[in-house]
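Report on the structure given below.
The values are calculated or read from the model by the stated rules, or taken from the named source; none is laboratory data. Because the structure is a prediction, the values reported are computed rather than measured. Don't worry about glycine lacking a Cβ; one is built from the backbone with ideal geometry, like all the others, and counts go over all protein chains shown. Heads up: the accessible areas ignore ligands, DNA and RNA and are worked out on the full protein's heavy atoms, side chains in. Shrake-Rupley method; radii C 1.70, N 1.55, O 1.52, S 1.80 Å.
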Amino acid sequence: MTGATTLLEARYRAVLRLLPTYYRQEREEEMVEVFLGETDRDLQDESRPTLGEAASVAALAVRTRLGTATAPRRYAVLGSTVRLFALCAVLLQAAAAVADRALELTWTSTHGSFGRDVFMSGFTGQGPVVASAAVAAWVLPLLWTVGCFALLHDRRRTARISVLLAALPTLWPFLAPFVADFPPPAPAYATATAAFAWLPALALCTSWHRDAPPAALSVGTPGTVYLGCCVVMGASVVVLPGVADSVWAPTTCFVLGALGWLVRRGRRGRTAGGEGALALAGLGLLILTLRVAAAYTWLDVSMPLPTAMVAGFAVQAAALLLLTAALAVVGGRDVAAR
């Protein structure tokens, strides 16, 4: 660039500071020239970057910070960790949604007319808005499965749309008091549930950009792993129905899966794969938050909780805490050793 810096150029450079340093050092001057090329110099002190230009730079900043193997090491590690976190979380959500609905339909079909009346009561008799929300809350989470398999088959646009739609029902508890005669939700549990849905969905949308490698599971085929998660979740509820709440099945599946991952890594003596451990640690922390928030809502119940339920919640929370800490340590050491 020649001559004095114009106000528009300074504003463009301020927007470009969203980009990581390594990328700015390589491309900043070129990008500024392109941005300024379409604006007359006499008007550059009166102009601003457009919203579209700022949005494109922000999207590029996300893509370059969640880098691939060709990016500087810390950005490559961050990108790989976020992608693995999204994949594991979406897989867990997909299996949880299917297992929950399979158990519900099984119970309905084995209790005759009473079971059918109970099932249908969740969709009828409350007005069109509430009924529509109830149908959406039952159907849309099934799109976690669509998103999971679309991602594993490298259909990224389908995966993004599916997970965003699947996460929508978690917003209903916040909206319901404004459109229907519903009490406000338990804030901790509703927020944790929304975070458990939206963080993986947003992680998938941002980290699997056009430069990212195809998604793949480190063990087994997608169908086998997915079916195994569904079976574990369903069995955890069938075996211990007296302690199972909405968080019990996915927590049990995560604990067993993360423990299996640690055992497998220990037997193979790997020092690589730190991103996998860090991704599981992040997911474990998210599930631990949800586990604690769900248990907290039971404090408002007037009748005392069964001892088995309290013990089950405590065991799950302790297991999550220990596993998350172990995964974080293992991941940190593996990344540092590379």
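Within region 3-36, the set of residues being within 17 Å of residue 72 (Cβ to Cβ) and of a type in the set (A, V, I, L, M) comprises 18, 19.
Within region 220-244, the set of residues being in a loop (DSSP other than H, G, I, E, B), open to solvent by less than 80 Å² (accessible area, probe 1.4 Å) and out of contact with any helix residue (DSSP H, G or I) (no Cβ under 6 Å at 6 or more places or on another chain) comprises 220, 221.
Kindly list, by first and then second residue, each pair from a residue in region 156-175 that is open to solvent by less than 60 Å² (accessible area, probe 1.4 Å) to a residue that is of a type in the set (Lys, Arg), limited to pairs with Cβ atoms under 9 Å and residues at least 6 apart or on different chains. Listed by first residue and then by second, the contacts come to 156/210.
A quick yes/no check of all residues on (1) within 24 Å of residue 331 (Cα to Cα); (2) within 22 Å of the chain's Cα centre (by Cα); (3) not basic (Lys, Arg):
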{"residue": "78", "(1), (2), (3)": "yes, yes, yes"}
{"residue": "85", "(1), (2), (3)": "yes, yes, yes"}
{"residue": "108", "(1), (2), (3)": "no, no, yes"}
{"residue": "141", "(1), (2), (3)": "no, yes, yes"}
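Figure legend. Inter-residue proximity from region 96-117: first residues at pLDDT below 95, second residues of a type in the set (Ser, Thr, Tyr) and open to solvent by less than 50 Å² (accessible area, probe 1.4 Å), beta-carbon distance below 9 Å, spacing 6+ or different chains. Indicated pairs: 115/108; 116/108. Here the helices (runs of 4 or more DSSP H) wholly within region 103-200 that include at least 2 residues being β-branched (Val, Ile, Thr) are 128-139, 143-152, 156-167. Taking the numbered list (1) of a type in the set (Phe, Trp, Tyr); (2) farther than 14 Å from residue 207 by Cα; (3) surrounded by 18 or more Cβ atoms within 10 Å (Cβ to Cβ) in turn, residue 114 passes all entries but (3). Name the pairs whose Cβ atoms lie under 7 Å apart, with the first residue in region 47-59 and farther than 21 Å from residue 203 by Cα, the second open to solvent by 50 Å² or more (accessible area, probe 1.4 Å), and 6 or more positions between them or separate chains? Note: pairs meeting the criteria are 48/11; 49/11.
For the criterion of being modelled with pLDDT of 90 or more, in a helix (DSSP H, G or I) and crowded, with 20+ Cβ neighbours inside 10 Å, residue 314 fails. Scanning region 246-300 for residues that are in contact with a helix residue (DSSP H, G or I) (Cβ under 9 Å, 6 or more places away or on another chain), assigned to a loop (DSSP other than H, G, I, E, B) and at pLDDT below 90, we see that the one that is surrounded by the most Cβ atoms within 10 Å (Cβ to Cβ) is 273. The residue pairs whose first member lies in region 320-338 and is free of Cβ contacts under 8 Å to residues at least 60 places away in the same chain and in a helix (DSSP H, G or I), whose second member is surrounded by fewer than 19 Cβ atoms within 10 Å (Cβ to Cβ) and hydrophobic (A, V, I, L, M, F, W, C), and whose beta carbons are closer than 7 Å, counting only pairs six or more residues apart or on different chains, are 324/285.
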